[in-house]
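This report concerns only the one structure given below.
The values are calculated or read from the model by the stated rules, or taken from the named source; none is laboratory data. Since the structure is predicted, the reported quantities are computational estimates derived from the model, not experimental observations. Virtual Cβ from ideal backbone geometry, glycine too; neighbours counted across all protein chains shown.
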Amino acid sequence: MLNIFKPLGFLLYCFFISATVFAQTNNSISLDKNWKFQYGGTDFAETKDFNDQAWSTVNVPHTWNAKDVFDDDLTYARGIAWYRKNIDISNSQLNQKASLYFDGVYQTADVYVNGAFVGCHKGGYTAFTFDITGFLNIGKNTIAVKVDNTQDSFIPPLSIGYASYGGIYRPVKLIFANEVNFYGLYASSGIKIKTPQVNKQSAVVSIDASIKNSATQSKNITLTHQIYNDKNEPIKSLTKDFTLQSNETTTISLNSDIQNPNLWSPETPTLYHIKSNLKIDGKEVASITNPLGFKWFNFSAATGFSLNGAKYILKGTNRHQDMEGKGDALSNQDHLRDIQMIKDMGANFIRLAHYPQSPRVLALADSLGILIWEEIPVVNYMNPVPEFLANAENMAKEMINQGFNHPSIIIWGSMNEILLWGKNAERVTEHANEKDYIKVLHQYAISLDSLVKVTDPSRYSVIAMHQSKEYDEFKLSQIAQISAYNIYAGWYGGKVTELKGYLDERHKQYPNQILFVSEYGAGSDARLNTSKPQRLDFSSQYTRYYHEEYLRQFKQMPYLSGTAVWNQFDFSQPNIGGTIINTNQKGLVNFNRTPKDVYYLYQANWSTKPMVHIASSEWTQRAGNENEKAEITIYSNLKNVSLNLNGKKQGTKSLNDIKKAVYELPLKYGENFIEAFGYDGNNLIKDTLIINLRSREIDAKSFKSIAINIGANTQYLDKQGQIWLEDQAYKKGEFGYIGGNPITMNLKKVIRGTSDVPLFYSSLEDLQGYKIDVSDGNYELTLGFVEQESTNEVDRVFSVKANDKEIINNLELNKQIGEFKSYQKTFNVKVKNNEGINLTFTAAKGKTILSELSVQKVI
Ligand code: GCB
């Protein structure tokens, strides 16, 4: 509402003030607690006397979308919300320069102090700060922030595969400073630290300090940089005296040599730091501390990456910033846990995809030792208009200026899979024909990449692409210094083993291109398990196979400069299909941060900390046959592992090229106690697992119920502990289908109306019958269905008979239930003459279909 009063030149004004305020000083007050919050646009909510009593009270980090992103109605709250907070200001504070500093607000923030508009910031992933000196009074002051997470076609990202959680989701500070202070552009610290020369014997540190005198008189100032080593001992001091006129800004560059620097690497994250301060008449008026790390690195198209003079394998992963229950409003402890988990897995590299993440993450990467690729959120397509480019450029400048001093960062990214939506993007058809769009896109790609290179020539630039020839055709694949590819061979299509062939071919064709695998991954669901894994089945077992084969192939490509798993953690992806609602399931770790088996595969291959893990650890409740051999897989970084099953020795095995040992063992019904162990020197390292096996045969005497995951090769364990058996062609004495083809739901379609999504993800189509060999008696039969195709693409009408009695008559799922919506119905069936339950499916139009079947004996 208030926006209508804004002057026409508002946008320019918005950029100007968000870019030019103070650096952080010691005197900062956290504003994280006790904000009044309301979702929805409200008139006059910026005014000081507005009554917000009825609003809820929240602390930041906060988002209003932590839960509704996972609703299956396919919408979540995207709109305007208000945050308000009162603060008390003292007389002495009023005499200082004051600024508000936001670590991140999604996506547009209009900030008001005591009813006055102090600035707006666009873009949800970078920090910003506003000068509020002169807007404060002694006593009570009101800060009001209007936050908007509506899709905005001028602000990257446009079409995205992750949630746009709205909110002030990172910390907020109020900073008081002297009128003489460090002066950072783009909410940076005002200090830029470079290490233009580093080797084992010596290094050069160069420090640019920007300083502003906002006072009305000139000032004589002393600038000092005190360099401390990793033991917190002062090792060098650089000082300069100078005079600044009123309202003058200057940049002072000072250099220092450091002899025998302790080098920074992921294995030895030796962190020095620099305390910079300003003094007037011997009194300190500003001070700030920045990290310092000494390393040198290089990417080569022929030999990959090197760090501190030696070839270095980048073992990487991607990270999204959200988690179960919290959305993207993570605490510092959450960030620590995440980065520590990645470190413990043995990774030494993270791509912060697809946007700049919390400053805390960068600080953790510096101190724990992880190399970083950070990127701006230009994803899938662009709006080919200057305002979009300007916003993207502003984000890139904020990201680089804010991250500049972190020794962990080695790569800046400017876009991801920008041709994915090329032809379909609404902006393409609205504003330009495809050819013109590509021309603009090419120009914008060059602009963004050049901006990245010019703003920070000490790191490498990258563009991430999907496997499409169009990047070559449209001359996009060679713009950035590193050409990164997102490769999903063996998941969305093709075979896992095609990875190497694809990259070898590229390397041959473009020998000067530095190649990086920026994404690869397969989805899984802990509740789905199988002894016969298949592509797209979401079983842990297929995901293991996928990652094992990728790891194996990576080792055979010496030119490859680095790799990053998609993704470390499951994350929100509104409107994505699969077996967990609105969730991208390709994480090595579940959304609630429990590791999946594949996490341990990487740990075995990458970490030196001794470990043993028994895989299929989430498949503890199994149905099978007692005499069948079960595959028990061990991941370990020890030389040998031994295994005991139910107290009996099963032998010792060495680990193969991908640190895996496989045992084939017959399990007994009931509990099976498995113990895998090995030695690191004299230290016993072990893992245990209890597998509970029950029979999948139908025993006439004891039969109570059976549940079948129709059309699936996986067993599904539901919340009640019921095992839904994998489907099979009919076997006498058991159960199974007669005719039909197993199918899975299109990965772009969300299955609605059920808490058992996995049951409806796979179905059997075109079946003629289904038979369950239960003995005579009364039963409850439940059938579940879901339409797989969009309403206008399918015409499917069918009927079902149970033992010759019609139970479903001309069911038309699209019309009667709705597309992609689950439908369940229960029937009573009487079984006589040892005929079992015989279902007959007949189609009047299209093909018959069935997704779920369970039978319960009525006693
Ligand atoms: C990609 C995208 C990423 C998706 C991922 C997937 O290539 O860059 O944002 O989440 O694929 O899982 O499909």
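Here are the numbers for this structure:
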| quantity | calculated |
| --- | --- |
| Strands (runs of 3 or more DSSP E) wholly inside segment 94-163 containing at least 3 residues that are among the aliphatic types (A, V, I, L, M), within 32 Å of the chain's Cα centre (by Cα) and farther than 22 Å from residue 393 by Cβ | 139-148 |
| Single condition residue 413 does not satisfy, out of (1) under 26 Å from residue 105 (Cβ atoms); (2) surrounded by fewer than 23 Cβ atoms within 10 Å (Cβ to Cβ); (3) of a type in the set (Gly, Ala, Ser) | (2) |
| Breaking point among (1) within 12 Å of the ligand (Cβ to nearest atom); (2) in a loop (DSSP other than H, G, I, E, B), for residue 465 | (2) |
| Residue in segment 545-564 that is under 20 Å from residue 319 (Cα atoms), within 12 Å of the ligand (Cβ to nearest atom) and buried (at least 24 other Cβ atoms within 10 Å of the Cβ) present | yes |
| Pick from segment 484-517, criterion within 12 Å of the ligand (Cβ to nearest atom) and outside any strand (DSSP E or B), ranking: nearest to residue 721 (Cα to Cα) | 491 |
| Filter result (crowded, with 21+ Cβ neighbours inside 10 Å and away from the ligand (no atom under 16 Å from the Cβ)) within segment 125-140 | 126, 127, 128, 129, 130, 132 |
| Strands (runs of 3 or more DSSP E) wholly inside segment 795-837 that include at least 2 residues being among the hydroxyl-bearing types (Ser, Thr, Tyr) | 822-831 |
| Residues being farther than 16 Å from residue 615 by Cα and not in a loop (DSSP other than H, G, I, E, B) - total across segment 672-692 | 4 |
| Subset of segment 469-482 [within 15 Å of the ligand (Cβ to nearest atom) and under 23 Å from the mean Cα position of the chain (by Cα)] | none |
| From 389, 451, 441, residue being of a type in the set (A, V, I, L, M, F, W, C) and at pLDDT below 95 | 441 |
| Test result for residue 600, free of Cβ contacts under 8 Å to residues at least 60 places away in the same chain, more than 16 Å from the ligand (Cβ to nearest atom) and buried (at least 24 other Cβ atoms within 10 Å of the Cβ) | yes |
| Segment 440-462 - residue that is in a loop (DSSP other than H, G, I, E, B) and either within 26 Å of the chain's Cα centre (by Cα) or buried (at least 20 other Cβ atoms within 10 Å of the Cβ) (or both) and, of those, farthest from the ligand (Cβ to nearest atom) | 456 |
| Residue satisfying condition, being surrounded by 23 or more Cβ atoms within 10 Å (Cβ to Cβ), within 25 Å of residue 338 (Cα to Cα) and away from the ligand (no atom under 16 Å from the Cβ), within set 658, 614 | 614 |
| Tally of residues being touching a Leu at 6+ places or on another chain (Cβ under 7 Å) and either within 15 Å of the ligand (Cβ to nearest atom) or among the β-branched types (Val, Ile, Thr) (or both) across segment 518-544 | 1 |
| Single condition residue 423 does not satisfy, out of (1) over 27 Å from residue 154 (Cα atoms); (2) at pLDDT below 95 | (1) |
| Close pairs (7 angstrom Cβ cut-off, 6 or more residues apart or separate chains): on the phi > 0 side of the Ramachandran plot in segment 485-502, in a helix (DSSP H, G or I) anywhere | 490/546 |
| Count of segment 775-792 residues which are modelled with pLDDT under 95, buried (at least 22 other Cβ atoms within 10 Å of the Cβ) and either in contact with a Ser or Thr (Cβ under 9 Å, 6 or more places away or on another chain) or among the β-branched types (Val, Ile, Thr) (or both) | 1 |
| Scope segment 53-88; condition closer than 19 Å to residue 751 by Cβ and polar (S, T, N, Q); matching residues | 75 |
| Any chance residue 550 is part of a loop (DSSP other than H, G, I, E, B), at pLDDT 95 or above and closer than 17 Å to residue 487 by Cα | no |
| Residue list for segment 323-333, restricted to those being surrounded by fewer than 24 Cβ atoms within 10 Å (Cβ to Cβ) and closer than 17 Å to residue 364 by Cβ | 323, 330, 331, 332, 333 |
| Number of positions in segment 48-76 that are in a loop (DSSP other than H, G, I, E, B), buried (at least 16 other Cβ atoms within 10 Å of the Cβ) and either out of contact with any Leu (no Cβ under 8 Å at 6 or more places or on another chain) or hydrophobic (A, V, I, L, M, F, W, C) (or both) | 12 |
| Single residue of 578, 587 found to be at pLDDT 95 or above, farther than 27 Å from residue 708 by Cβ and either more than 16 Å from the ligand (Cβ to nearest atom) or part of a loop (DSSP other than H, G, I, E, B) (or both) | 587 |
| Residue in segment 182-196 that is without any contact (Cβ under 8 Å) to a residue 60 or more places away in the chain and at positive phi present | no |
